[in-house]
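Before any comments, here is the structure.
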Amino acid sequence: MKLSEQPCQCADCQRFYREHDRLIRQFPTLKQQQELNWASIQSFRTLCGKVSEELQKNISELENDCSNLGTQNKLSISEVTEALSEIENINAHLYSIEALMERIFEVRVSDEIEAKFKEVAGEIAPDPLNIDRLILNRLFHQAPDSPDKKTNSN
């Protein structure tokens, strides 16, 4: 089975491609990518940790309410417990990723190599607001055989 060489056009994939390209444009060096990924992992862990704490509190409150009111909140307790378990799994994976990232942080490159990173970043994720890119996009969308023209005519 041969996979299509065309990128997926669904809204989720398009949003991913835009975010992917934006991150390359805004953080085009190895050092910037290292720092971005480290900050991303740390913020994810912080958020998961805080939500875990809040869910633990909610479980205690729900258990107290259940003992006072009967079994009305049993489903809520099981939902919160399941969510808490999943978030704890995420946190465990994030710790593993953090261990791998520590090795990535040991890598240093010269200014010349960092310049190559910037050059390649400009090629693989050009600025979508660059005037040349805007002109090409406008020309593409005016072409009678462009994919969006074909779908509109059906």
Inspect segment 62-78 for any residue being loosely packed, with under 11 Cβ neighbours inside 10 Å and modelled with pLDDT of 80 or more and give the result as yes or no. no
Failed condition for VAL107, given (1) surrounded by 10 or more Cβ atoms within 10 Å (Cβ to Cβ); (2) modelled with pLDDT of 65 or more, with all others met? (1)
Pairs only if they're at least six apart or on different chains, beta carbon under 9 angstrom, first in segment 47-61 and under 13 Å from ALA83 (Cα atoms) and in contact (Cβ under 8 Å) with a residue 60 or more places away in the chain, second hydrophobic (A, V, I, L, M, F, W, C) and exposed (fewer than 15 other Cβ atoms within 10 Å of the Cβ); list them, first residue then second. none
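The values are calculated or read from the model by the stated rules, or taken from the named source; none is laboratory data. All values reported here derive from a predicted model rather than from experimental measurement. We place every Cβ from the backbone using ideal geometry, glycine too, and count neighbours over all the protein chains shown.
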